[in-house]
Amino acid sequence: MIVSDENYPEILDQICKFLGDIEVELSIVDSDKMREINKSERNIDKSTDVLSFPFEPVPHTPLGCIVINCDLCEQKATELSHTKDEEMALLFTHGLLHILGFDHENDNGQMRKKEEEVIAKFKLPKSLIVRTCDA
């Protein structure tokens with residue numbers, strides 16, 4: 001389940017349930033706000049498409065926060081000819097897997113495999129990792 005102030009596609013809740021009935025916080029921001037967050041939290045002065053922040057484990061609280069850049073989400077969906085909801089689901093999945101401890105930069109393909117499971121289950125387009133590896 002998602003804790004959020006924004007409207008978001010229903011598929012995001014379904015992805016949470018599929019990966020273990022997980023509760024996370026979701027923030028949807030524009031490119032300027034994402035740049036601010038990226039600068040303050042990671043000391044990287046540029047916008048990005050998705051960030052995730054795991055929380056310390058505390059009973060009955062979300063596992064972490066996923067921040068999605070709505071501007072880049074819409075831009076990438078248009079560029080790749082799929083829907084904004086599909087792109088948001090891909091970004092959300094990517095962020096959620098990081099919160100769950102996956103790290104595509106340091107693993108042996110485990111995160112890519114898990115993303116591919118979600119993509120197959122929900123009939124989504126190629127994932128961020130697949131797009132990056134194919135480029």
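The values are calculated or read from the model by the stated rules, or taken from the named source; none is laboratory data. Everything numeric here is computed off the predicted structure, so don't read it as measured data. Here the Cβ positions follow ideal geometry from the backbone for every residue, glycine too, while neighbour counts run over all protein chains shown. To get the accessible areas, we keep the full protein, side chains included, count just its heavy atoms, and leave off ligands, DNA and RNA. Shrake-Rupley method; radii C 1.70, N 1.55, O 1.52, S 1.80 Å.
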* To do: Return a yes/no flag: does segment 35-53 have any residue that is touching a Leu at 6+ places or on another chain (Cβ under 6 Å) and outside any helix (DSSP H, G or I).
  => yes
* To do: Please verify whether segment 98-110 includes one or more residues that are crowded, with 18+ Cβ neighbours inside 10 Å, in contact with a helix residue (DSSP H, G or I) (Cβ under 6 Å, 6 or more places away or on another chain), modelled with pLDDT under 95 and outside any loop (DSSP other than H, G, I, E, B).
  => no
* Structure fact -> Of the residues in segment 111-135, those that are small (G, A, S), open to solvent by 60 Å² or more (accessible area, probe 1.4 Å) and modelled with pLDDT under 85 come to A135
* Of everything in segment 71-94 that's under 18 Å from N7 (Cα atoms) and of a type in the set (G, A, S), which residue is surrounded by the fewest Cβ atoms within 10 Å (Cβ to Cβ)? -> A77
* Asked: Can you name the residue in segment 37-50 that is out of contact with any helix residue (DSSP H, G or I) (no Cβ under 7 Å at 6 or more places or on another chain) and surrounded by 13 or more Cβ atoms within 10 Å (Cβ to Cβ) and, of all such residues, is farthest from C73 (Cα to Cα)?
  -> K39
* Structure fact -> Residues in segment 51-70 that are surrounded by fewer than 17 Cβ atoms within 10 Å (Cβ to Cβ) and among the aliphatic types (A, V, I, L, M) total 1
